[in-house]
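Structure record follows, encoded as structure tokens.
The values are calculated or read from the model by the stated rules, or taken from the named source; none is laboratory data. Keep in mind that what you see is a predicted model, and the values were worked out from it rather than measured. Here Cβ is always computed from backbone atoms with ideal geometry, including for glycine, and neighbour counts include all displayed protein chains.
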Amino acid sequence: MLSEKKLFLLDIDGTVCKGGQLISGTREFLRDIKESGGMFVFITNNATKSIADYIRMFQQFGIAVEYANFVTASYAAVRYLKQHHTGELVYVMGTRSFCRELKREGIQITDDWEDDGISVALVSYDNQLTYQKISDTCRVLMNPKVTYLATNPDFVCPVEFGCVPDCGSICEMLAHSVKRKPYFIGKPETAMVECALRQNHFAREETLIVGDRLYTDILCGYKAGVETALVLTGEATKEEALRFEVKPNYIVSSISELHKMWK
């Protein structure tokens, strides 16, 4: 039952925020989760910001958060690279913040396609994207020996005025030139969910994934064995949800409606 949920795994873009604006009802929902003895963790595919960046953003909204409240795509990328590509040189197409976070975690990275020894290319949602970055990434990916990874398959990122292309769209664009597609690390893969469950010690039955995308958030919950709630403030529509191969357990208009149902 929804009223028994204690651990809320929340997407950010399109779910609790649109660009730099907090979606109505979010602050009250998070407050009541804390007061009930529960926990909220943001599991986001957006790698443009570090956890420190997100903490500052939510503090500006008047919401007290700490590192334990976040498991991001950049975190998942670090874990994946350390597990599968330890010590290898990684070419990165991403924001400055994303690159700094990788460096802090000891990942050897470069943004120079001419560097010797590149064995992995990692593409992320990059809102600082230039045509030069696109061209350089194509040069790297033309080498079939280079492993091709990407942070997330999301096609769009909801913002204040609508949507902008996300990592999945960038990879689709690259595919037309390099005839390759990446392995996606973030949702719908379940690494972020499993990490949040380990860190918070709630049962899967007490956990709810909340998001606005069917092919990432909802599919991730299905694969992880966790119930899901689709909010209609981002990418997906109710009609799309009813046609999707994996049905959300709950469909709500917004985080505010979910809050009322849970209470």
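Being closer than 21 Å to W262 by Cβ, outside the structural domain of D136 (by TED's automatic domain parsing) and surrounded by 15 or more Cβ atoms within 10 Å (Cβ to Cβ) holds for only one residue in F70, F40, and it is F40. Sub-9 Å Cβ pairs linking a first residue in region 92-111 that is in the same structural domain as V140 (by TED's automatic domain parsing) and closer than 21 Å to S135 by Cα to a second residue that is assigned to a strand (DSSP E or B) and not hydrophobic (A, V, I, L, M, F, W, C), at least 6 apart or interchain, are V92/T110; I109/Y91; T110/Y91; D111/Y91, ordered by first then second residue. All conditions in (1) small (G, A, S); (2) without any contact (Cβ under 8 Å) to a residue 12 or more places away in the chain; (3) over 22 Å from G168 (Cβ atoms) hold for S135, with the sole exception of (3).
Step by step: first the residues of region 214-235, then only those that are among the charged types (D, E, K, R) and at pLDDT 95 or above, then the one that is surrounded by the most Cβ atoms within 10 Å (Cβ to Cβ). Which residue is that? For region 214-235, the residue satisfying everything is D217. Please go through (1) modelled with pLDDT of 95 or more; (2) out of contact with any Pro (no Cβ under 8 Å at 6 or more places or on another chain); (3) of a type in the set (A, V, I, L, M, F, W, C); (4) in the same structural domain as T15 (by TED's automatic domain parsing) for V178 and return the number of the only condition it doesn't satisfy. Of everything listed in (1) modelled with pLDDT of 95 or more; (2) out of contact with any Pro (no Cβ under 8 Å at 6 or more places or on another chain); (3) of a type in the set (A, V, I, L, M, F, W, C); (4) in the same structural domain as T15 (by TED's automatic domain parsing), V178 misses just condition (4). Scanning region 157-195 for residues that are touching a helix residue (DSSP H, G or I) at 6+ places or on another chain (Cβ under 7 Å) and among the aliphatic types (A, V, I, L, M) yields a count of 6. Restricting the first member to region 196-222 and to residues that are assigned by TED's automatic domain parsing to the domain that holds V41, and the second to residues that are of a type in the set (G, A, S) and assigned to a strand (DSSP E or B), the beta-carbon pairs closer than 7 Å and six or more apart or on different chains are L208/A229; V210/A229; D217/G211; I218/G211.
Tell me whether region 120-129 contains one or more residues that are modelled with pLDDT of 95 or more, within 20 Å of E194 (Cβ to Cβ) and surrounded by 15 or more Cβ atoms within 10 Å (Cβ to Cβ). Scanning region 120-129 turns up no residue that is modelled with pLDDT of 95 or more, within 20 Å of E194 (Cβ to Cβ) and surrounded by 15 or more Cβ atoms within 10 Å (Cβ to Cβ).
Taking T15 as meeting all but one of (1) within 19 Å of A196 (Cβ to Cβ); (2) buried (at least 22 other Cβ atoms within 10 Å of the Cβ); (3) of a type in the set (S, T, Y); (4) modelled with pLDDT under 95, write down the number of the exception. It is condition (4) that T15 fails. Sub-9 Å Cβ pairs linking a first residue in region 239-259 that is modelled with pLDDT of 95 or more to a second residue that is assigned to a loop (DSSP other than H, G, I, E, B) and among the basic types (K, R), at least 6 apart or interchain, are A241/K247, ordered by first then second residue. The one condition from (1) without any contact (Cβ under 8 Å) to a residue 12 or more places away in the chain; (2) crowded, with 16+ Cβ neighbours inside 10 Å; (3) over 21 Å from the mean Cα position of the chain (by Cα) that P165 does not meet is (3).
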